[in-house]
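Structure first, then comments.
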Protein chains: 4
Amino acid sequence: MKRLGIIGGSGFAGAELMRLCSQHPEFDVVFVSSESQAGSAVADLYPSLAAAYPDIFLEPWEAIPPGLDIVFLALPSGASQAIVPKLQAGHIIDLGADFRLDDPALYPIWYGHEHTAPELLDQFVFGLPELFRDDIAGAGAVAVPGCYVTTASLTLAPLVHAGLVEPRGIVVDAASGVSGAGRTAQPNTTFSTVDENFTAYGLLTHRHTPEMEMALKRHSGAGVEILFTPHLAPMNRGILATCYARPTGTENTDALLDTMSAAYADEPFVVVSEAVPSTKATLGSNTVHLTVRRDDRTGWVVAIGALDNLVKGASGQAIQCANLASGVSETAGLPIAGVYP
Amino acid sequence: MKRLGIIGGSGFAGAELMRLCSQHPEFDVVFVSSESQAGSAVADLYPSLAAAYPDIFLEPWEAIPPGLDIVFLALPSGASQAIVPKLQAGHIIDLGADFRLDDPALYPIWYGHEHTAPELLDQFVFGLPELFRDDIAGAGAVAVPGCYVTTASLTLAPLVHAGLVEPRGIVVDAASGVSGAGRTAQPNTTFSTVDENFTAYGLLTHRHTPEMEMALKRHSGAGVEILFTPHLAPMNRGILATCYARPTGTENTDALLDTMSAAYADEPFVVVSEAVPSTKATLGSNTVHLTVRRDDRTGWVVAIGALDNLVKGASGQAIQCANLASGVSETAGLPIAGVYP
Amino acid sequence: MKRLGIIGGSGFAGAELMRLCSQHPEFDVVFVSSESQAGSAVADLYPSLAAAYPDIFLEPWEAIPPGLDIVFLALPSGASQAIVPKLQAGHIIDLGADFRLDDPALYPIWYGHEHTAPELLDQFVFGLPELFRDDIAGAGAVAVPGCYVTTASLTLAPLVHAGLVEPRGIVVDAASGVSGAGRTAQPNTTFSTVDENFTAYGLLTHRHTPEMEMALKRHSGAGVEILFTPHLAPMNRGILATCYARPTGTENTDALLDTMSAAYADEPFVVVSEAVPSTKATLGSNTVHLTVRRDDRTGWVVAIGALDNLVKGASGQAIQCANLASGVSETAGLPIAGVYP
Amino acid sequence: MKRLGIIGGSGFAGAELMRLCSQHPEFDVVFVSSESQAGSAVADLYPSLAAAYPDIFLEPWEAIPPGLDIVFLALPSGASQAIVPKLQAGHIIDLGADFRLDDPALYPIWYGHEHTAPELLDQFVFGLPELFRDDIAGAGAVAVPGCYVTTASLTLAPLVHAGLVEPRGIVVDAASGVSGAGRTAQPNTTFSTVDENFTAYGLLTHRHTPEMEMALKRHSGAGVEILFTPHLAPMNRGILATCYARPTGTENTDALLDTMSAAYADEPFVVVSEAVPSTKATLGSNTVHLTVRRDDRTGWVVAIGALDNLVKGASGQAIQCANLASGVSETAGLPIAGVYP
């Protein structure tokens, strides 16, 4: 059994790491930190984990025991770059944004502050296994991509990589469940605000935009430009991204589906189908559902992807990366069947 | 008091007509029909209407009394064209699709059947008061537009009309609550299917597409072409349309907002603001919320509109049209404050 | 038109007063206060009210103009008793708990603090029109009952008053939507906490308990004793109370229904039926739905009531009381048809 | 690996069996039947299972291969008794009601029809492991209890068994998510009917009533009598039962909690705590949460339990029973951490 630590265990991504690890045959969570909730029992903060972790208490991160095999960081933007330089672990898996962008100049533009550890950026590989598996295998440090980024990148990558759509002028219109906004009570995430509501947010400026562009550019070699509009849907989990791009050639829907299917033929966590994806089919699982259409009337390609933002969009993908990094079977501990209904 | 009839009272649009008329100072519902539920009391089918309509029973439409001032039809596609030719009433307000499109050739393409009363098409005016008020005032027959059409048309009309965006290549990406699918129990509208789910449907082929194009073309004179992707959100009511178009000039966000505000300056049911619209702010009211942005980085204009699909998107707009057609104050009986939360 | 003020306009009950008054033929809101949001526009705090109140800004309560016909207070427990002694108005309608209980000794027990204006308690009448209409007509000060209290009292009152059930040993098991907890963001009212969740709270100690007992005792003359268990349901609005009492005689279900129907025969806002009430039928309206059963097998009477906690359970009932107090038609401005679905 | 069959795979309980078995280390699903959906792929009917079961098609039950180690039946009431007599399998685990009640005379009263295989009733053990583990270990045929029955029985059993509450006059007031009503589209389970709604149903006559009484009587030896009122909450999954009973002695809340904790001290799937249970903490897991209170003021004991109706209330418990019956570790394949949020 590998010994694991989680820095940032009070948030949803941290809790989801614990849930998934409770069924992982080779991962044993031995340390969980929280600044805001230090001293609380995991079972009090998350009754859903009471039966699985009756005895773990949240501690300050500095109490982390030495020599852990794997350490996950599930922290707000900006927090990891202060901790990682001081951290010793076999493998560091960061679920935050601090080590995702390869260009430190993008941080002040999109995150509003200079990066304080830019020299570490190139030590992190980008944790999207379906696109960059070889980088992740055996890696010492992995930056797991954001939830919207994972969805849009997996949806568009085969089409952009094959040159079937123009890499510029792409629109990504996506909707997410509310858990993406985190656990903290805020006016915009109360039940009364969100329930029976559908709205857009972060118009033109959402921080996942440059990350999508970077992931697709790195994978395809093309200069990708995306307008990204996120929406908030009245549900706990799930992201669906509807992506619009201009076709470069005459490939019809069947040809586009074939390209997409071929790209993911051996992927255990990707389902490509003519059926329209829905977030609910992915709930609680590490599975992504994808489809694509071409509209000859208006000259657009529409590609759609769906996943669970806390699993394949965060903690599940982090465990997938940890499996790859530490040499465990890539699928270990990761559900592929969704909780339905 | 004007005497009203409702043909198709068992569906949600019919029920919403009854709800709104129960507070209308000059409208009195005296007849309600239903084929499928004939013989049932309104109060049994809709307990929400029990206190307002304790004594009205649903009857076959042929039992309609002669000489009604206004008759609403709230029927499935294809049903109105069989009834309207036999109908006598001061004003006919059709909430269905049968008399919306001005070109009968569009019906086989988008609805799958020939129109059986094409000679009546030009007797109907298009019931979108903010764009075609003069046509509706005093009209004998009004075809009320679809819910998505109302949302997208009101959102885009000022920009297209002023020539600020290209009329072709527009993407309308919209999400609706489930009431748009009607009252009948179907596998895709059960609670277990819809709750905690977000999905797309009707890819490339949704019937509201040509209606949007027609409405915007008629209002602006330009040849509008739209790719429309509807989504289903886990909520009862509400539509939010996020519309993407290419700017023709250099107008920035403020200039676009000014154009939009000026276009609707005197409209009692339209709120233009920099704030991002949300469906929930419109619940139960006849109000539309609109905004717009320009993204210089990628060269897109993003315009967003929200409304209640059963009020401004159906029954409220039908009453607004009936008010105009019958010479009553346009705002009579129509709530402008939303039910929140 | 009567000139109205609302003290405490930033909360849900205050917003609901504004929504209902926007359709009231004789009430004109001229002043709205908020301590926490002073300076904000109503339209910014509640976009749902933007079209109805484009020009009203929230002010500190001390800025209230003199000589208002009616002043509503919609404040947290304990706040009204500090303001009312300084307030001049034709009629004071308090939606809070400060003047509901007739015995000042109950406040330290259930609310945890001494009452600071006990001498005013007997100036307030209890604002439950169906049980105490004569007290409210023309009253200068009305304490509107709590949402759970209104539901349970209207459900049980005919049975207790007629002596058909034992007044002691009653169980009231009720569920409420989340709006009852107010607008403020709190850990227990985030969407992620509440959605897809059903739980109990306030076990044995909910503050509405003594108010239910007082209302039923005052109406029936009997010494009523209730165990009250509230639950939180994942919905915005609505309360359903399922009440269990022991029958005193042999009256069967039909006889109990007859007694209940007769008691409310002339009430415009009460529907008694064999149909099981549901909260959704009452959404946005001032209507209450009631039913009752007798189980011979186990010797219990089960009575069930449902209403909208923000309308009949708060602001609608407050307007009903204001109508009665100020001599306006009791039903003015109050919807009786629910927003469905 | 044990070879498994599922008869009735198109319903929610069947799908949940497949989900759970996809993570079970020793169970391999080789056959799934459905009468209504024969010929469909599991992946088409349940996209959530597409990645886990890409190749299984639903067949008529008669196509079941011989010699399966375990066969689950997940069928509507009345269907199992026609099939079981013809079935050969190592262990038969029935999730339906046909073999739960030990007295065949109860079937016509509560289910409306005579039992057609009463001679098989005593071959089935009652599959509630926490109360009847010894019966289930190695059993050839297990009747898994209903979801409400599991909740109420586990909540009340320690108190009734210890004689701390009166076994008669008990009220069980419970709320369930909608998945309990099954997959078939029906007027009362559409999203528009259920969402934002809370209602009661099955007043006085719910079929789980005699099963609760039987389970508690068999466990405690006392003659238990229960009035059971189920409610429908707007959520997919979860049951919370709030149970009211009269105390026999003077044991306070702490003493009652101690009794409950001691009874379940060694149970891997039961969490007893002073915290109030919530359905959401149990989502997707086989865990039950319990608490209890005594109210001296009114003389009631209130005990509350929560679980996931499709896991511990159905398919999870069925697998727990199958593990016990077939000699596998009781906890194999069963999640104890809930999916949160």
Going residue by residue through region C:97-108, is there one that turns out to be free of Cβ contacts under 8 Å to residues at least 12 places away in the same chain, away from chain B (no Cβ under 14 Å), more than 24 Å from B:Ala337 (Cα to Cα) and over 23 Å from the mean Cα position of the chain (by Cα)? no
Enumerate the pairs (first residue in region A:54-72 and without any contact (Cβ under 8 Å) to a residue 60 or more places away in the chain; second residue anywhere and among the acidic types (Asp, Glu)) with beta-carbon separation below 7 Å, excluding pairs fewer than 6 apart on the same chain, so at least 6 apart or on different chains. A:Pro60/A:Glu35
Report yes if some residue within region D:197-209 is crowded, with 20+ Cβ neighbours inside 10 Å, out of contact with any Asp or Glu (no Cβ under 7 Å at 6 or more places or on another chain), more than 7 Å from chain C (Cβ to nearest Cβ) and not in a loop (DSSP other than H, G, I, E, B); otherwise report no. yes
Applying the selection to region C:18-58, what residues are polar (S, T, N, Q), modelled with pLDDT under 95 and in contact with a helix residue (DSSP H, G or I) (Cβ under 8 Å, 6 or more places away or on another chain)? C:Gln37
Residues (more than 7 Å from every other protein chain (Cβ to nearest Cβ) and within 14 Å of A:Ser36 (Cβ to Cβ)) located in region A:175-192: A:Gly182, A:Thr184
Among (1) in contact (Cβ under 8 Å) with a residue 12 or more places away in the chain; (2) touching a helix residue (DSSP H, G or I) at 6+ places or on another chain (Cβ under 8 Å) - the single one C:Glu114 does not satisfy: (1)
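Results for (1) small (Gly, Ala, Ser); (2) within 19 Å of the chain's Cα centre (by Cα), shown as yes or no for each residue.
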position: B:Pro277; (1), (2): no, yes
position: B:Arg297; (1), (2): no, no
position: B:Cys321; (1), (2): no, yes
position: B:Gly327; (1), (2): yes, no
Give me the pairs, please: first residue somewhere in region A:244-261 and assigned by TED's automatic domain parsing to the domain that holds A:Ala152, second residue anywhere and polar (S, T, N, Q), beta-carbon distance under 8 Å, and either six or more positions apart or on two chains. A:Glu251/A:Thr259; A:Leu257/A:Thr291; A:Met260/A:Thr291
For C:Leu227, indicate whether it is more than 9 Å from every other protein chain (Cβ to nearest Cβ) and either assigned to a loop (DSSP other than H, G, I, E, B) or touching a strand residue (DSSP E or B) at 6+ places or on another chain (Cβ under 7 Å) (or both). no
Using the structure shown, decide if C:Gly299 is touching a helix residue (DSSP H, G or I) at 6+ places or on another chain (Cβ under 7 Å), within 11 Å of another protein chain (Cβ to nearest Cβ) and not hydrophobic (A, V, I, L, M, F, W, C). no
Do you know which residues across region B:262-279 are surrounded by 15 or more Cβ atoms within 10 Å (Cβ to Cβ) and either of a type in the set (Asp, Glu) or not assigned by TED's automatic domain parsing to the domain that holds B:Arg293 (or both)? B:Glu267
Failed item in (1) of a type in the set (Gly, Ala, Ser); (2) crowded, with 23+ Cβ neighbours inside 10 Å; (3) within 11 Å of another protein chain (Cβ to nearest Cβ), with B:Gly313 passing the rest: (3)
Of the criteria (1) touching a Pro at 6+ places or on another chain (Cβ under 7 Å); (2) away from chain B (no Cβ under 11 Å); (3) assigned to a strand (DSSP E or B), which one C:Ala306 fails: (2)
Do the conditions hold for C:Gly284, that is, is it away from chain D (no Cβ under 14 Å), small (Gly, Ala, Ser) and either crowded, with 16+ Cβ neighbours inside 10 Å or on the phi < 0 side of the Ramachandran plot (or both)? no
If I filter region A:73-89 for residues that are buried (at least 24 other Cβ atoms within 10 Å of the Cβ) and either of a type in the set (Ser, Thr, Tyr) or without any contact (Cβ under 8 Å) to a residue 24 or more places away in the chain (or both), do I get at least one hit? yes
Regarding B:Ile336, is this residue out of contact with any Gly (no Cβ under 8 Å at 6 or more places or on another chain), in contact (Cβ under 8 Å) with a residue 60 or more places away in the chain, under 25 Å from A:Asp195 (Cβ atoms) and surrounded by fewer than 24 Cβ atoms within 10 Å (Cβ to Cβ)? yes
For region D:154-174, how many residues are part of a loop (DSSP other than H, G, I, E, B) and away from chain C (no Cβ under 14 Å)? 3
List the residue pairs whose Cβ atoms are under 7 Å apart, where the first residue sits in region D:156-182 and is in the same structural domain as D:Thr199 (by TED's automatic domain parsing), the second is part of a helix (DSSP H, G or I) and modelled with pLDDT under 95, and the two are 6 or more positions apart or on different chains. none
Please go through region C:48-67 and pick out each residue that is buried (at least 18 other Cβ atoms within 10 Å of the Cβ) and within 20 Å of B:Thr282 (Cβ to Cβ). C:Ser48, C:Leu49, C:Ala50, C:Ala51, C:Ala52, C:Tyr53, C:Ile56
When B:Thr242 is evaluated against the numbered criteria (1) facing another protein chain (nearest Cβ under 8 Å); (2) more than 20 Å from B:Arg293 (Cα to Cα), which criterion, by number, is the only one it fails? (2)
State all residues of region A:245-276 that are over 30 Å from A:Asp195 (Cβ atoms), within 14 Å of chain B (Cβ to nearest Cβ) and of a type in the set (Gly, Ala, Ser); if no residue qualifies, say none. A:Ala245, A:Ser273
What number of residues within region D:125-155 satisfy the criterion of being without any contact (Cβ under 8 Å) to a residue 60 or more places away in the chain and either surrounded by fewer than 23 Cβ atoms within 10 Å (Cβ to Cβ) or closer than 19 Å to D:Gly221 by Cα (or both)? 4
Filter region B:20-47 for residues that are at the interface with chain C (Cβ under 9 Å from one of its Cβ atoms), more than 22 Å from the chain's Cα centre (by Cα) and either buried (at least 20 other Cβ atoms within 10 Å of the Cβ) or part of a loop (DSSP other than H, G, I, E, B) (or both) and give the result. B:Pro25, B:Ala43, B:Pro47
Across region A:102-117, what is the number of residues that are outside any loop (DSSP other than H, G, I, E, B) and surrounded by 14 or more Cβ atoms within 10 Å (Cβ to Cβ)? 4
Consider B:Thr151 against the criteria (1) part of a loop (DSSP other than H, G, I, E, B); (2) within 25 Å of A:Trp300 (Cβ to Cβ); (3) within 13 Å of chain A (Cβ to nearest Cβ): it satisfies all of them except one. Which criterion is unmet? (1)
Residue check, C:Thr259 in a helix (DSSP H, G or I), over 30 Å from C:Ser179 (Cα atoms) and at pLDDT 95 or above: yes
Output for Cβ contacts, cut-off 8 Å, separation at least six or different chains, first residue within 15 Å of C:Leu257 (Cβ to Cβ) in region C:267-291, second among the aromatic types (Phe, Trp, Tyr) and surrounded by fewer than 23 Cβ atoms within 10 Å (Cβ to Cβ), reads C:Val270/C:Tyr264; C:Val272/C:Tyr264; C:Val276/D:Tyr201; C:Leu290/C:Tyr264
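The values are calculated or read from the model by the stated rules, or taken from the named source; none is laboratory data. Remember, it's a predicted structure, so these values are computed and weren't measured experimentally. Every residue, glycine among them, receives a Cβ derived from its backbone with ideal geometry; neighbour counts consider all protein chains shown.
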